[in-house]
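The values are calculated or read from the model by the stated rules, or taken from the named source; none is laboratory data. Being a predicted model, the structure only gives us computed values, none of them experimental. Note that each Cβ is placed from the backbone with ideal geometry, even for glycine, and that neighbours are counted across all protein chains shown.
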Amino acid sequence: MAGEFTLRPSVSGLPAYVPGASGDNPSIYKLSSNEVPSPPAPAVIAAISDVAADANRYPEMYGDTLCHTLAKRLRLSEGNLIIGNGSVSLLELILRAAVTTGDEVVYSWRSFEAYPILVQVTGATSVQVPNTPAGGHDFEAMARAITERTKVVMVCTPNNPTSQAATHSQVEAFLDRVPSNVLVLLDEAYVHFDRTDEKVDSLALLGGGKARGNLIVLRTFSKAYGMAGLRVGYAMGPSGLMSQLRSASTPFGVNAVAGRAALAALESADYTDEVVEAVIAERTRVTTELRAQGWDVGEPQGNFYWLPIGERSQAYASEALANGFTARPFPEGVRVTIGKPEANDLALTLAAKWARDLGLTPARAH
């Protein structure tokens, strides 16, 4: 008797990844997906146009030119790098290669929404360690959560969606406690926006006298470079691991347009710096006002901030949409991206209303 094919239980029971709302009206400001409000650098746009005529040709199988350029800029060996269709695809590749049914993957929660989905696809088990009250990683609790079944630990800093960042000493001390047979993935999607006094120096953690054979660092062109629609990311780690992962990766994983655009983005460092500094300046303005309204936003280090309003987050997001912008609700709170000043002003107006309704105490000016 004919019937419908059934996928593995770990796949058929997956929760859906929910992207940030875009709004039906093009005049709605999108502050729900952590995109930068500026377009890519002019050189990136030109590169996209230039390469279109060669769309009948395959790109480089492993993005060797981009790997070479990144390695030179990062002062790494090309063998320490692989590129992929966004850092999330590289995360998927690594998890597929590293874990299987019966294994455990430890990470702070709440964090990047794709983590539990990608872990479940492998058949492994997520071990979610609650964030600190401030929204950061509880490294002590994460270290205690590692067992003989743990194969991978994921650290997202700055953390999405809470926007809190770990310090270098925190991460280094934590790495010292992780067994060498447990892989640590350091997700640095928002590293360009991090202005922590003791910012994590992931390149130092990868090399030098305390080089670790169980650390992989993930980065992306989606955020600071304004290339979210093109999907380019890269991973840095020990050459042996990178070689094996490259062999297991999808051939031609980065298309020719995205690869050429990423090269142009690297050549447009001044433009990227201007975009990042503009976002940080707005972040400072917005978070200063939020604190004055009575919100405890900590020290956001991503291009977004977090309002810990719990189950009321969906109501907040609905009201945001009615007021001209989108926000991203989670069960524990709402994440709002730093956008254009006029969009941020709309978000501040709504935040002020909610602060009054919640009875928050405005901070006194110093």
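If you go through the stretch 24-75 and keep only what is touching a strand residue (DSSP E or B) at 6+ places or on another chain (Cβ under 8 Å), farther than 30 Å from Pro161 by Cβ and modelled with pLDDT of 95 or more, you end up with Cys67, Ala71. Among the residues examined, Thr167 does not qualify as crowded, with 16+ Cβ neighbours inside 10 Å and not aromatic (Phe, Trp, Tyr). Scanning for something of a type outside the set (A, V, I, L, M), in contact with a His (Cβ under 6 Å, 6 or more places away or on another chain) and at pLDDT 95 or above, does the stretch 105-121 turn up at least one residue? Yes, there is a match, as at least one residue in the stretch 105-121 is of a type outside the set (A, V, I, L, M), in contact with a His (Cβ under 6 Å, 6 or more places away or on another chain) and at pLDDT 95 or above. Each residue in the stretch 30-58 was checked for being surrounded by fewer than 12 Cβ atoms within 10 Å (Cβ to Cβ) and among the charged types (D, E, K, R), and 1 pass. Within the stretch 285-303, the set of residues being in a helix (DSSP H, G or I) and either touching a helix residue (DSSP H, G or I) at 6+ places or on another chain (Cβ under 6 Å) or touching a residue at least 12 places away in the same chain (Cβ under 8 Å) (or both) comprises Arg285, Val286, Thr287, Glu289, Leu290, Arg291, Ala292, Gln293. Across the stretch 147-165, the number of residues qualifying as assigned to a loop (DSSP other than H, G, I, E, B) and under 14 Å from the mean Cα position of the chain (by Cα) comes to 9.
Taking the numbered list (1) under 17 Å from Leu90 (Cβ atoms); (2) assigned to a helix (DSSP H, G or I) in turn, Phe112 passes all entries but (2).
Taken as a whole, the structure leaves Gly253 outside the set of residues that are surrounded by fewer than 23 Cβ atoms within 10 Å (Cβ to Cβ) and either under 18 Å from the mean Cα position of the chain (by Cα) or assigned by TED's automatic domain parsing to the domain that holds Leu95 (or both).
Note on the stretch 204-231: residues that are assigned to a helix (DSSP H, G or I) and under 16 Å from Cys67 (Cβ atoms) total 1. On the stretch given as the stretch 310-345, residues that are under 17 Å from Val279 (Cβ atoms) and assigned to a helix (DSSP H, G or I) total 5. Of the residues making up the stretch 118-146, those that are under 9 Å from Ser108 (Cβ atoms) and in a loop (DSSP other than H, G, I, E, B) are Asn131, Thr132, Gly136, His137, Asp138.
Contact annotation: residue pairs with Cβ atoms under 6 Å, 6 or more positions apart or on different chains, pairing a residue in the stretch 106-121 that is closer than 15 Å to Pro9 by Cα and among the polar types (S, T, N, Q) with a partner that is part of a helix (DSSP H, G or I) and at pLDDT below 95, are Gln120/Ser10.
In this structure, does Tyr234 turn out to be surrounded by 13 or more Cβ atoms within 10 Å (Cβ to Cβ), aromatic (Phe, Trp, Tyr) and assigned to a loop (DSSP other than H, G, I, E, B)? In short, no.
When you check Val184 against the structure, is it modelled with pLDDT of 95 or more and over 20 Å from the mean Cα position of the chain (by Cα), yes or no? The answer is no for Val184.
Six or more apart or on different chains, Cβ atoms under 7 Å: show the pairs whose first residue is in the stretch 261-284 and in contact (Cβ under 8 Å) with a residue 60 or more places away in the chain and of a type in the set (Val, Ile, Thr) and whose second is in a helix (DSSP H, G or I) and surrounded by 18 or more Cβ atoms within 10 Å (Cβ to Cβ). Once the first residue is in contact (Cβ under 8 Å) with a residue 60 or more places away in the chain and of a type in the set (Val, Ile, Thr) and sits in the stretch 261-284, its partners that are in a helix (DSSP H, G or I) and surrounded by 18 or more Cβ atoms within 10 Å (Cβ to Cβ) give Thr272/Ala265; Val276/His192; Val276/Phe193; Val279/Phe193; Ile280/Phe193.
In the stretch 289-328, the qualifying residues are those that are in contact with a Gly (Cβ under 7 Å, 6 or more places away or on another chain) and of a type in the set (S, T, N, Q), and the one that is farthest from Leu31 (Cα to Cα) is Ser313. Looking across the stretch 277-315, just one residue is of a type in the set (Val, Ile, Thr), surrounded by fewer than 20 Cβ atoms within 10 Å (Cβ to Cβ) and within 27 Å of Arg73 (Cβ to Cβ), and that is Ile280. If I ask for residues that are more than 14 Å from Glu332 (Cα to Cα) and of a type outside the set (A, V, I, L, M, F, W, C), which ones from the stretch 109-132 would you list? Within the stretch 109-132, Tyr115, Pro116, Gln120, Thr122, Gly123, Thr125, Ser126, Gln128 qualify. Do we find a residue being free of Cβ contacts under 8 Å to residues at least 60 places away in the same chain, surrounded by fewer than 22 Cβ atoms within 10 Å (Cβ to Cβ), in contact with a helix residue (DSSP H, G or I) (Cβ under 8 Å, 6 or more places away or on another chain) and assigned to a loop (DSSP other than H, G, I, E, B) anywhere in the stretch 173-187? Scanning the stretch 173-187, I find at least one residue that is free of Cβ contacts under 8 Å to residues at least 60 places away in the same chain, surrounded by fewer than 22 Cβ atoms within 10 Å (Cβ to Cβ), in contact with a helix residue (DSSP H, G or I) (Cβ under 8 Å, 6 or more places away or on another chain) and assigned to a loop (DSSP other than H, G, I, E, B), so the answer is yes.
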